[in-house]
């Protein structure tokens, strides 16, 4: 019989708009790597960085885990939301007692809003062409 190697990582997927983030977490010191780059290097805005760390801060586990992420699609806003959701799902897997806190913070709710499609006879999804009376 072959030995089954115990995986030290917990996996989860997060999605937001067109962004997808595959998140791996293991016990550690609080290091966050996104596409092999540090959190501060990958996300330039403070809001995006804050959104990524928010589920950890909600349960008080900022320095308890090392987080490794593969994110693709969308922009920085969508990717940070997807990463946040992935981390929240992992926190729920590791400790089901955190569910109430994570639900109240809306970290487990999938934000499915996307871009509305352009309609014919219009300039965009809703904007019309300029009306000229004469």
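All of the numbers you see were taken from the coordinates with simple rules; none came from a lab. Computed from a predicted structure; not experimentally measured. Every residue, glycine among them, receives a Cβ derived from its backbone with ideal geometry; neighbour counts consider all protein chains shown.
Summary of values
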item	result
Which labelled figure in (i) 90; (ii) 163; (iii) 112 is volume of the Cα convex hull per residue in Å³, once derived from the coordinates	(ii)
Calculated P(r) of region 59-118 - Cα pairs past 14 Å, %	61
Whole-number percent relative contact order across the chain, with pairs defined as alpha carbons under 8 Å at least 6 apart	30
Inter-label distance for residue 128 and residue 13, nm, one decimal - labels placed 7 Å from Cα along Cα-to-Cβ	4.3
Distance between modelled label sites at residue 5 and residue 119, nm, 7 Å Cα→Cβ extension	5.6
Degrees, to the nearest 10: 46-59 long Cα axis against longest axis of the chain	40
Among 83-90, 20-27, 35-42, the order from most to least packed when residues are scored by Cβ within 10 Å on average	83-90, 20-27, 35-42
Residues of region 26-47 with amide N under 17 Å of the 7 Å Cα→Cβ point at residue 62	28-33, 39-41, 46-47
Rounded to 10°, Cα long-axis angle of helix 76-94 versus longest principal axis of the chain	30
Nearest-0.05 FRET efficiency for residue 46 and residue 101, computed from C-beta distance (R0 22 Å)	0.45
Footprinting exposure proxy for 52, 59 (fewest neighbouring C-beta atoms within 10 Å first)	59, 52
Sorted by Cβ neighbour density within 10 Å, fewest at the top, the residues 93, 5	5, 93
The chain, helix-only ellipticity at 222 nm - DSSP H runs n ≥ 4, -39,500 (n - 2.57), divided by all residues, nearest 500	-9500 deg cm²/dmol
